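Down below is the structure, laid out as structure tokens.
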Amino acid sequence: MTKSPTYSLFGRMQWLTSCISTTLVLLLIGLVVLCSLAALRLSQNVREHLTVTLILDDDVDSTATADLMQRLALQPYARQLTLVSAEQALAEQTEAMGIDPSDFLGQNPFTASIEMNVCADYAHPDSLEAIADELLPLWQVADVVYQPELVESLNTMLQRAAAVMAVLALLLTFVSMVLINNTVRLSVYARRFTIHTMRLVGASWRFIRRPFLVRSMGIALLAALLASAALLATVRWMLAYDPSVGDIITRDVVITMLAAVFAAGLLLTLACTWLSVNRFLRMRESDLYK
């Protein structure tokens, strides 16, 4: 039996509508994943730029400084070390103040120091205090300077931002699941009589479900490709607008985002199709007209 042109056109429009709806939902999911991962990466970058300054004693020579740098490099909390000589510190302060302090003091008032960027896991007041207590007894170190108030306020701000992002991610994920479920249910609902007829002629549930699952898989894959293309175009535009975004939206972030889009598209679409088809398979004939 040949399908009528009207039925064929209806089927194509239904397929197109399902594909567009699923694409928009997957685009939303991809944006949620991208923003969440970018926020985590930004939080890590901010923490890793916190600096602990080790002011060296006046009697420390270049050999002792090199030994201290080597010892610090072996510590798990040290991410990056920068040696600032007394002359370099004087030059920086002269440029910042506009005058040379050594001109009226008669000598260079600054000593050499080591600026240490700590790893993100150690960028907490308690950890920094423990690091300072560990380094202060070293004979080369005259003082350890960091800003506990800045660290505390930064951690509070990042925790609040993470909580807001988590709530938004949960809400948007729930909305996405509802939208995909409704799209799939409407698609299956339009063919509920076909399901009932196949069941009456003795077709097994597995046989009836198979074409719906295959169709949903095709829609999910195409929608994931379209959503991924749109997301990649957005990322490329952001990188072209501001190349520093590449420090936050890394290749790993993009790969994770694309994997999440494909996984969400397939899992959610197939799961919703399975549940929707089973629902109509359990229906009595009188319920099909409601």
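At a glance:
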read-out	value
Label-to-label distance, nm, for residues given as Ser127 and Leu281 (7 Å Cα→Cβ offset)	5.1
Zone of Ala120's modelled label, taken as backbone nitrogen in segment 28-57 under 16 Å from a point 7 Å along Cα→Cβ	33-51
Computed FRET value (nearest 0.05) for Ala229 with Ser62, which takes r as the C-beta separation and R₀ as 41 Å	0.15
Förster radius 25 Å - calculated FRET efficiency between Leu221 and Tyr189, Cβ distance, rounded to 0.05	0.65
Label point distance in nm, Cys35-Thr156, each placed 7 Å from Cα along Cα→Cβ	2.5
Contour excess over end-to-end distance, with Cα ends at Ala259 and Glu149 and 0.36 nm allotted per residue	35.6 nm
Correct choice for mean projected area of the Cα convex hull in nm² that was computed from the model, options (1) 18.7; (2) 23.4; (3) 14.9	(2)
Gain on full stretching of the segment that runs from Val46 to Thr82 - 0.36 nm per residue minus C-alpha separation	11.2 nm
Cα-projected label distance for Val167 with Val245, points at 7 Å along beta-carbon direction, nm	2.7
Computed [θ] at 222 nm, deg cm²/dmol, the chain (DSSP H ≥ 4; -39,500 (n - 2.57); rounded to nearest 500)	-24500 deg cm²/dmol
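Bear in mind that the values in this text are calculations on the coordinates, not laboratory data. The structure displayed is predicted, hence computed values, not measured ones. FYI the Cβ positions are ideal-geometry reconstructions off the backbone, even for glycines, and counts take in every protein chain you see.
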